[in-house]
Amino acid sequence: MKIPFMAALLPALLTGAALAESGSVIRNTELRQKPFSDAAVVATVSSGTQVEILSRQGAWMNVSSNGQAGWVKMLSVRVGNGSSADAGSVIGQGVKVATTGSSGKTVTTGVKGLSEEELSHSQPDYGELERMKGFSTTPADAGKQANLARLTAVQVPEIAVSGSSGSSGNGSQNPSSNPQMRR
Amino acid sequence: MNKILLSLMLASGCMSSACALDLGKLLTTENINKAADFAKNAADAAKDISPEAEVAIGDEAAAKLLGAKPLVNNPALQRYVNQVGVWVASQSEKPNLPWRFAVIEDPTVNSFATPGGNILITKGLWDRLSSEAELAAVLGHEITHVVKQHHLRAMKSEASRKALGNLADLAVSAKGGGDKRQLIGNLGKGASEIAVRGLDKGDEYDADVYGMVLTARAGYNPYAMVTVLQMLERFNSNSGGLEVFNTHSDPRARQDVIEASVGDKLEPYAGGVEQTSRFTAIKRGNTKPAAVTPKKPVKR
Ligand SMILES: [Zn+2]
């Protein structure tokens, strides 16, 4: 099912190991026979173990490791090799990477993507905006079409963001998770 | 949280210890009152913007973005992303904003939102999405930025950094214009710049977590957000970071926050829809989805 889409990808991707997706588990995890928390345990894999990713279903991922296949939670696995060599290789290709101190966000410039520089060279295109508006739809119609696609709305309570200060190292600049922003 | 205190910090940029040196001299009653007024303006700036003005600013910003990257010439695709986007946005607290979605001609992997409800995803991102649930997750993320007015707040804090009282001052300083049209134009330009520059990490995490909630409410498997982030992570490591999801922070850190915040809380909804026949039809370039494509059974 992924194969037809591969044709659309750029050569840069094809040179990588895009077809055999691999990752590593980020904690000691039980490998289960089925994608359920109460399914039988096939084996235990320890933190850092490399796995091959076979498929995904719901919140689960089917992986194989050392010849054993089973299901783990998707969030227990991080894909790729886990190295942070990306920035280095970008610089090697003459692309500028700047990390702003205040927000800690990484801004990459010099790629073909839409950038502030490109924006500064362009004029607003109101005709294109009108065309965009012409493709819009109403909530009623979108709801009808969604139902035809077998979608139904579900009640789900809001969830507060936590654990961001540890990974960003900049928790104080996070007014977005203030209660005042919630309704 | 003390709003005034927070905005005082934002407004004065007193994050560093260097500010402490001058504080003694500056702490006259007059100056304290002035600072409080100033900070209050900055904090309330987003409130000063009426819903109509927010939409006008957003349209200016979208026109600016479209001036750089036009729409992909595929009406069926454009209509389809609106069907999915409006459905997901209908699950938010602001179902009646003039929501509009589009795919733009840009080979990189990225997505943008403007105030008021304009959401653009790049062709590069669209090409890499493999299910309607993944599309819903991406749009849910951007919808959250709009609903929670992240861009307006970023503009507000930019106004603070430039020692201006409010967004209107920022607009004036941007070009020295006077009339309302000019003001909206300048604010729109500011919003488009923030859209391509990216938001703070905290807003990104917020958009991931609330985006998952919206995805679940719309009847999809919310863990499609994780699948998208893992696609981006894989993509980053395979492309040497060349075409990173560049207005969005590190996918790995974002998964860590999702794990800490959402964890298994949304697992009751993980059996939601992953794929639809309309998605696969659009991917195949077929403009008449339901009639030709047999429905695939949904997993579980
Ligand atoms: Zn975002």
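The values are calculated or read from the model by the stated rules, or taken from the named source; none is laboratory data. Treat the numbers as computed from the prediction; the structure is a model and nothing was measured. A quick note on method: Cβ atoms are made from the backbone with ideal geometry, for glycine too, and the neighbour counts reach across all protein chains shown.
Couple of notes before you dig in:
- Residues (more than 7 Å from every other protein chain (Cβ to nearest Cβ) and either over 20 Å from residue B:97 (Cβ atoms) or among the aromatic types (Phe, Trp, Tyr) (or both)) located in segment A:119-150: A:120, A:121, A:127, A:147
- Listed by position, the helices (runs of 4 or more DSSP H) contained in segment A:66-179 that have at least 2 residues being modelled with pLDDT of 85 or more are A:116-120, A:126-134, A:139-148.
- Condition met for residue B:225 (within 16 Å of the ligand (Cβ to nearest atom), out of contact with any Lys or Arg (no Cβ under 8 Å at 6 or more places or on another chain) and more than 9 Å from chain A (Cβ to nearest Cβ)): yes
- Residue count for segment B:212-224, restricted to those that are closer than 17 Å to residue A:53 by Cα and either in a helix (DSSP H, G or I) or of a type in the set (Gly, Ala, Ser) (or both): 1
- Boolean, residue B:216 is at pLDDT 95 or above, buried (at least 24 other Cβ atoms within 10 Å of the Cβ) and in contact with a Leu (Cβ under 7 Å, 6 or more places away or on another chain): yes
- Taking first residues from segment B:191-208 that are at the interface with another protein chain (Cβ under 8 Å from one of its Cβ atoms) and of a type in the set (Phe, Trp, Tyr) and partners that are in a helix (DSSP H, G or I) and within 11 Å of the ligand (Cβ to nearest atom), the Cβ contacts under 7 Å between residues at least 6 apart in sequence or on separate chains come to B:205/B:254.
- Candidate set: segment B:147-202, residues that are modelled with pLDDT of 65 or more, under 17 Å from residue A:122 (Cα atoms) and charged (D, E, K, R); chosen: the one farthest from the ligand (Cβ to nearest atom): B:189
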